[in-house]
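These notes concern the structure reproduced below.
The values are calculated or read from the model by the stated rules, or taken from the named source; none is laboratory data. Source: prediction; values computed, not measured. Every residue, glycine as well, gets a Cβ built from its backbone with ideal geometry; the counts of neighbours run over all protein chains shown. Side chains included, ligands, DNA and RNA excluded: accessible areas come from the protein's heavy atoms. Shrake-Rupley method; radii C 1.70, N 1.55, O 1.52, S 1.80 Å.
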Amino acid sequence: MAGTLYIVATPLGNLEDMTFRAVRILKEADLIAAEDTRHSKKLLAHYGITTPTIACHEYNEIAKTHDLIQRLENGTSIALISDAGTPLISDPGYRLVSQAGEKGILIVPVPGCNAAITGLSASGLPTDAFVFLGFAPKKQGRLDSFLNDAAHHKATLIFYESPRRVIRLISSSITAFGDRQACLARELTKQYEEFVRGPLSSILSTLKARETIKGECVLLIKGADEQPVGLSTEQMEAMIMDGLNQNMRTGELAKKIAGLANCPKSRVYDMILALKNRS
Ligand code: SAM
């Protein structure tokens, strides 16, 4: 009989956030596939888990998946863990789980911590609908178009970001979305846990006033306003054509129409460029 693949969530930082079931499964499994075996040593030792470990990380995932699938098919039960939180959520394991599914191997999730949901629950932002966007692109051009694509979502937006890039993500978000309500959740479940809530511009000033920004960050941003935009796309296009015929400058035109339409300037800017290219 084939073994079972367990997807086991582990704490984000506070070791007490481990579930009883997660401890039992990690003790009972034949093998633990860990993102970083050295990192997980501390958690496993804390709970007296002596199950053998094997490394499965983003750099060996393709080769390791083949090996782990073979072991599962031969009857080994494997528990997959990552460095923190839920495996596969901005963490390795997608290939393993999708191939295990294709082979008909039993996959059992053992739920627990996740930084996106933990941050959302205390953010004070709407929780009825949310969009998890993971890590935003590093290159500025790709980041800008990624954010412009996300501007229409009415659901709360959730990003993971490194402390080194969080200021840039916030200022690029102001350009793409306007000055929306947001929350920066930092160091969740750890000693210096912090929530900075308010409009994006005030979070930006708070962070800029600091010498350094440390720790792990989740940025949550309120979705686009529910209220309908003040102008239809056709009306906006007609106004753009008018403005262009009057030789208005692109920036000036985008600002004017964005104000009337109650939408981000970047969206109007893109429409102007598209219309210019068309004509
Ligand atoms: N699998 C994890 C989960 O379920 O949340 C996410 C892993 S991803 C590689 C790491 C990112 O998650 C960090 O860069 C940060 O954005 C977020 N993160 C993880 N732990 C966190 C914490 N304690 N506080 C805030 N954000 C955290």
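What residue among THR50, THR189, THR156 shows peak mean-square fluctuation when the chain is described by a Gaussian network model with Cα springs under 10 Å?
THR50
Taking only the alpha-carbon positions of the chain and ignoring solvent, what does the Debye formula give for the base-10 log of I(q)/I(0) at q = 0.14 Å⁻¹?
-1.00
Quick one: if the Förster radius is 45 Å, what FRET efficiency do ILE167 and THR51 give, using the C-beta to C-beta distance and rounding to 0.05?
That gives a FRET efficiency of 0.60.
Find how much the distance from GLU73 to ASP270 grows on full extension, using 0.36 nm per residue of separation minus their present alpha carbon separation; answer in nm with one decimal.
Extending this stretch completely gives an extra 65.8 nm.
What whole number of Å gives the distance from the Cα centroid of segment 1-60 to the Cα centroid of segment 238-260?
Segment 238-260 and segment 1-60 have Cα centres spaced 57 Å from each other.
For segment 4-113, with every protein chain kept in place, what is the accessible area per residue (1.4 Å probe, Å²)?
Spelled out: the 1.4 Å probe surface of segment 4-113, per residue, equals 51 Å².
Of all DSSP beta bridges in the chain, what percent run antiparallel (nearest 5)?
Here the share of antiparallel DSSP bridges comes out near 45 percent.
Percent of accessible area on the chain owned by carbon and sulfur, 1.4 Å probe?
51
Where does segment 1-121 land on the Kirkwood hydrodynamic radius, alpha-carbon pairs, in angstrom? Kindly include the intermediate steps, with their values, before the conclusion.
Values: mean 1/r = 0.0707 Å⁻¹.
It is 14.1 Å.
So, by mean Cβ neighbours within 10 angstrom, what's the order for 197-206, 7-16 with the highest one leading?
7-16, 197-206
For segment 116-221, what is the convex hull (Cα atoms) projected area averaged across all directions, in square nanometres?
6.0
What does the helix-only formula give at 222 nm for the chain: each DSSP H stretch with n ≥ 4 adding -39500 (n - 2.57), the total divided by the residues, and the result rounded to the nearest 500 deg cm²/dmol?
The helix-only estimate for the chain comes to -13000 deg cm²/dmol at 222 nm.
Mind checking the per residue accessible area of segment 116-221 for me, 1.4 Å probe, whole number of Å²?
Details: 5190 Å² over 106 residues.
I get 49 Å² per residue for this part.
Under 8 Å for C-alpha pairs, at least 6 residues apart: give me the relative contact order for segment 116-221, rounded to a whole percent.
For segment 116-221, the relative contact order is 33 percent.
Which percentage, to the nearest 5, of the DSSP beta bridges contained in segment 4-113 is antiparallel?
Percentage antiparallel, nearest 5: 5.
Determine the relative contact order of the chain: mean sequence separation of Cα pairs under 8 Å and six or more apart, normalised by residue count, in whole percent.
17
Given 0.36 nm per residue, what is the gain on full extension from LYS138 to LEU244 after removing their alpha carbon distance, in nm? List each step's numbers first, then the result.
On the way: separation 106, 0.36 × 106 = 38.16 nm, distance 3.37 nm.
The LYS138-LEU244 span can extend by a further 34.8 nm.
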